[in-house]
Structure formats: structure tokens, C-alpha cells
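See below for the structure under consideration.
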Amino acid sequence: EADIYQTPRYLVIGTGKKITLECSQTMGHDKMYWYQQDPGMELHLIHYSYGVNSTEKGDLSSESTVSRIRTEHFPLTLESARPSHTSQYLCASSESRQGGEKLFFGSGTQLSVL
Amino acid sequence: GDSVTQMEGPVTLSEEAFLTINCTYTATGYPSLFWYVQYPGEGLQLLLKATKADDKGSNKGFEATYRKETTSFHLEKGSVQVSDSAVYFCALSQAQKLVFGQGTRLTINP
């Protein structure tokens, strides 16, 4: 059973507000990821981290930022939300094992920016 | 770069029908292959995986065989249920990164 949690589950917010999406995992995984999922369902990697104090941008350019001060915590921040940021945001963590990465996903945060 | 291409959806079937969702990949080397499932309102869950050529992954009645010669990893199930309605993602793992296909929405009608 995966132990990775995202809050809030849903967020509706006005343009220009600063928001932080929380993601925590209790599995001790070093690797964590943020994906943005558009209404067409496709997943786009926007940030990842291979450990504390390590963060990298993903394949899709994003105005959001992330931090990794603790192994279990990987929050995503938008300094000034815009309607174009409306999307589903999925956090994941992984364990490396023989046979490649196995990702565990949170339930996601559905963000709507008005 | 590495990529995964899935059968376009949405797919709608009747209960007990046979299911195939096609998946092909492009990669250098020998990636591991996965199918993830996303039920409504939830995150993704690993459904099955295969780590080398000719391996067959299976779970919950679903199967997929790693075919290196055709670079494919098609998902199959002999008799689908309404509870199988979800979005299915094919993915490959290489160099510590997971690359996803675009997803296929499956709806099963009673």
C-alpha cells in the first residue's frame, strides 16, 4: 500500500494568489516527482528530486518551483497563480529496484484558477 | 529520445468483452515496461510490469508481454468488468526516469 499524501485534494483560487501544493511520503524514498496532468489525460513531468537539496526541472517547462528540505516532503509553489495553471497535479515517489523505477502516486490536487 | 505511443481512446466495451490496448515504444537499450491504471478521482497505480524481452506481466486478469522484436507491450484482458473502467497508461523506465504514454480511457458498460 502506497503511503504518499497530497493536500489539498481540490483548490479553487483567484488569479495572482500564491499557492503551495503539499506532498509527503512515509516510505523513505529518495526520489520524488511532480507531474501535471492535462484534461486530455497526458502526464507531463514538471519537477523531480533525487534527494534532499536536489531538485531538477522536468520535460515540461513550468512556472512553479519546488523544494526538498526533508526526504519525506516535496512541496510545489506557484508564486502568482494564473488560469493557465488550472490542471491536475500529481506527486509521486519511487524506489529503485532491479527492473527499473516503481512509482507510487498520490491522489492528486485538482487546481482551478479563476 | 525515449517515447511511448498508446492506442488512441476512448475505448468503450460491453461487460465480458475482450480487451486490447496497444502500446509501442521507442528506446535505446532495454527498458523496463509498465502499465499503470488511474481510477476516477485517484492517482496512478502500478498494474503490471515486465523487465526483459518475452517477460509476461499479469495482475487482476490483465496481461502484457514484452515483445522486443515489435517494440510492443499490449495490454489484454479476456473478460472485462464495469470496475475496470479507468484510464490506462503504458510507460517505460530507463536511466532512472519513467516515460508515460498519453493514456487510454476505457469505459465498460453493463
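The values are calculated or read from the model by the stated rules, or taken from the named source; none is laboratory data. Keep in mind the model is a prediction, meaning the values are calculated, not measured. Reconstructed Cβ throughout: ideal geometry from the backbone, glycine too, with neighbour counts over all protein chains shown. Surface areas here come from the heavy atoms of the whole protein model, side chains and all, with no ligands, DNA or RNA. Shrake-Rupley method; radii C 1.70, N 1.55, O 1.52, S 1.80 Å.
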### Task
Please list, ordered by first then second residue, the pairs with beta carbon atoms under 6 Å, 6 or more apart or interchain, first in region B:16-44 and at positive phi, second surrounded by fewer than 18 Cβ atoms within 10 Å (Cβ to Cβ).
B:GLU16/B:SER79
### Query
Which of the residues that make up region B:41-59 are open to solvent by 20 Å² or more (accessible area, probe 1.4 Å), part of a loop (DSSP other than H, G, I, E, B) and within 11 Å of another protein chain (Cβ to nearest Cβ)?
B:GLY41, B:GLU42, B:THR51, B:LYS52, B:ASP55
### Query
Can A:ASP3 be described as within 14 Å of chain B (Cβ to nearest Cβ), in contact with a strand residue (DSSP E or B) (Cβ under 8 Å, 6 or more places away or on another chain) and over 18 Å from B:GLU42 (Cα atoms)?
no
### Query
Among the residues of region B:1-28, how many are under 17 Å from A:LEU43 (Cβ atoms) and surrounded by 12 or more Cβ atoms within 10 Å (Cβ to Cβ)?
10
### Message
Within region B:60-94, take every residue that is without any contact (Cβ under 8 Å) to a residue 40 or more places away in the chain and over 14 Å from B:LEU19 (Cα atoms) and give me the one that is surrounded by the fewest Cβ atoms within 10 Å (Cβ to Cβ).
### Response
B:GLU69
### Message
Give me the residue from region A:67-90 that is touching a Phe, Trp or Tyr at 6+ places or on another chain (Cβ under 6 Å) and of a type in the set (A, V, I, L, M, F, W, C) and, out of that set, farthest from B:TYR30 (Cα to Cα).
### Response
A:LEU76
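Matching residues to (1) open to solvent by 20 Å² or more (accessible area, probe 1.4 Å); (2) within 29 Å of B:PRO40 (Cα to Cα); (3) modelled with pLDDT of 90 or more; (4) within 13 Å of chain B (Cβ to nearest Cβ):
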site	(1), (2), (3), (4)
A:ASP38	yes, yes, no, yes
A:LEU43	no, yes, no, yes
A:HIS47	no, yes, yes, yes
A:ASN53	yes, no, yes, no
A:LEU60	yes, yes, no, yes
A:THR65	yes, yes, yes, no
A:ARG68	no, no, yes, no
A:PHE74	no, yes, yes, no
A:THR77	yes, yes, yes, no
